[in-house]
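Novice: Handing you a structure now.
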Amino acid sequence: MEYRIIRSSRRTLGLEITPEGELLVRAPRRVSTRQIQSFVEAHQAWIEKHMAKVRSAAVVEPLSDAELKALTAQAKTVFADRVAYYAPKVGVTYGRITIRHQKTRWGSCSRQGDLNFNCLLLLAPPEVLDSVVVHELCHRKEMNHSQRFYAEVLRVFPDYAKWHGWLKQNGRLLLARLPRS
């Protein structure tokens, strides 16, 4: 099986399958090639399962440029409404809201309180969109993914784990809707 190794200062080995179907192995600098090969072999079943998902996502029809533009315009209103609804529940303020169509992120929050959201979330169940909104708003209190951060997320959105799981399971199909460049 072919894969590309990306070495960094991380502490553990990790696998990633790109939307294009490339297998990436993220590895600490000190791990040998033989250890990486053993890791890949030990996770063969996981790799095959997720490669099959990527292949099935390839049959999803990408949005046209016009459809993507319309979705982005609709997302501006929807996200503004949902952020305005949840910000008081979290107890935070926020800055500018920007809508993007990224290949790797569903949302982000800057230290200044500016929020970015992926327009493709409009293609998911509304609870998925809300879970991402709450997640990003909670970063206004905790700019990390600590236990305190997740306690705050769950306080505001108790079903977070369910809908975050939905996004992890189905997110590739949403990303496959991006126009191919």
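Novice: Karplus couplings for region 39-49 from phi (6.51 cos²θ - 1.76 cosθ + 1.60, θ = phi - 60°), rounded to Hz, Gly and Pro as x?
Specialist: Once θ is set to phi - 60°, the couplings for region 39-49 become 4, 4, 4, 5, 10, 4, 5, 4, 4, 4, 4 Hz.
Novice: Using +1 at the Cβ of each Lys and Arg and -1 at the Cβ of each Asp and Glu in the chain, identify which of Ala124, Leu178, Thr104 lies farthest towards the dipole's positive end.
Specialist: Value: Thr104.
Novice: How much mean residue ellipticity at 222 nm does the chain get from its helices, if each DSSP H run of length 4 or more adds -39500 (n - 2.57) and you divide by all residues, to the nearest 500 deg cm²/dmol?
Specialist: Dividing the helical sum by the residues of the chain leaves -16000 deg cm²/dmol.
Novice: Further question on the same structure: Give the cross-link partners of Lys168 among the aspartates and glutamates, using a straight C-alpha distance below 14 Å as the criterion and excluding same-chain residues fewer than 8 apart.
Specialist: Straight-line reach from Lys168, under 14 Å: Glu16, Glu127.
Novice: Also, I was wondering about something else. Taking only the alpha-carbon atoms of region 4-57, what semi-axes of the equivalent ellipsoid follow from 5 times the gyration tensor eigenvalues under a square root, in whole Å, largest first?
Specialist: That gives 22, 12, 7 Å for the three semi-axes.
Novice: Rounded to two decimal places and with Rh computed the Kirkwood way over Cα pairs, what is Rg over Rh for region 1-94?
Specialist: Over the Cα atoms of region 1-94, Rg/Rh equals 1.18.
Novice: Taking DSSP loops as anything outside H, G, I, E and B, show the longest stretch in the chain free of GluC sites (Glu not before Pro) there with at most 13 other beta carbons within 10 Å.
Specialist: 23-181
Novice: Same structure, new question: Considering only DSSP beta bridges with both partners in the chain, what is the antiparallel share in %, to the nearest 5?
Specialist: Bridges in the chain are about 45 percent antiparallel.
Novice: Would you list, by chain and number, the lysines whose Cα falls below 19 Å from the Cα of Lys69, excluding same-chain residues fewer than 8 positions away?
Specialist: The reachable lysines, counting only those whose Cα sits under 19 Å from Lys69, are Lys103.
Novice: Cross-link partners among lysines for Lys141, C-alpha distance below 17 Å, same-chain residues fewer than 8 apart left out?
Specialist: Here the lysines satisfying the reach criterion relative to Lys141 are Lys89.
Novice: Right, something else. Over the chain, with a Gaussian network built from C-alpha contacts below 10 Å, which listed residue (Trp46, Trp166, Trp106) shows the highest mean-square fluctuation?
Specialist: Its mean-square fluctuation being the largest, the pick is Trp46.
Novice: Would you work out the relative contact order for the chain, in percent, from Cα pairs under 8 angstrom that are 6 or more residues apart?
Specialist: Relative contact order, the chain: 20 percent.
Novice: Which trypsin sites (Lys or Arg not before Pro) in region 87-181 sit in a loop by DSSP (not H, G, I, E or B) and have at most 10 other Cβ atoms within 10 Å of their own Cβ?
Specialist: Answer by residue number: Arg96, Arg111, Arg180.
Novice: Further question on the same structure: Counting only residues 5 or more places away or on other chains, whose amide H sits under 5 Å from the amide H of Arg100 once H atoms are built in the peptide plane?
Specialist: The list, which skips near neighbours in sequence, is Phe117, Asn118, Cys119.
Novice: Which residue, Val92, Val31, Val54, tops the fluctuation ranking in a GNM of the chain built on C-alpha contacts under 10 Å?
Specialist: In this elastic network of the chain, the residue with the biggest mean-square fluctuation among Val92, Val31, Val54 is Val31.
Novice: Report, in debye and to the nearest 20, how large the dipole of the chain comes out about its Cα centre when Lys and Arg carry +1 and Asp and Glu carry -1 on their Cβ.
Specialist: Rounded to the nearest 20 debye, it is 680 debye.
Novice: Inverting the mean 1/r over all pairs of different Cα atoms, compute the Kirkwood radius of region 65-175 and quote it in Å.
Specialist: After inverting the pairwise mean of 1/r, the radius is 14.0 Å.
Novice: Would you kindly state how much longer the chain becomes between Ile47 and Ile5 on full extension, computed as 0.36 nm times their sequence separation minus their alpha carbon distance, in nm to one decimal?
Specialist: 13.6 nm
Novice: For region 4-57, give the share of DSSP beta bridges that are antiparallel, in percent and rounded to the nearest 5; count only bridges with both residues there.
Specialist: 45
Values quoted throughout were computed directly from the atomic coordinates according to the rules given, and no laboratory measurement underlies them. None of the values given here were measured: they were computed from a predicted structure. Positions of Cβ are generated from backbone atoms using ideal geometry, with glycine treated the same way; all protein chains shown enter the neighbour counts.
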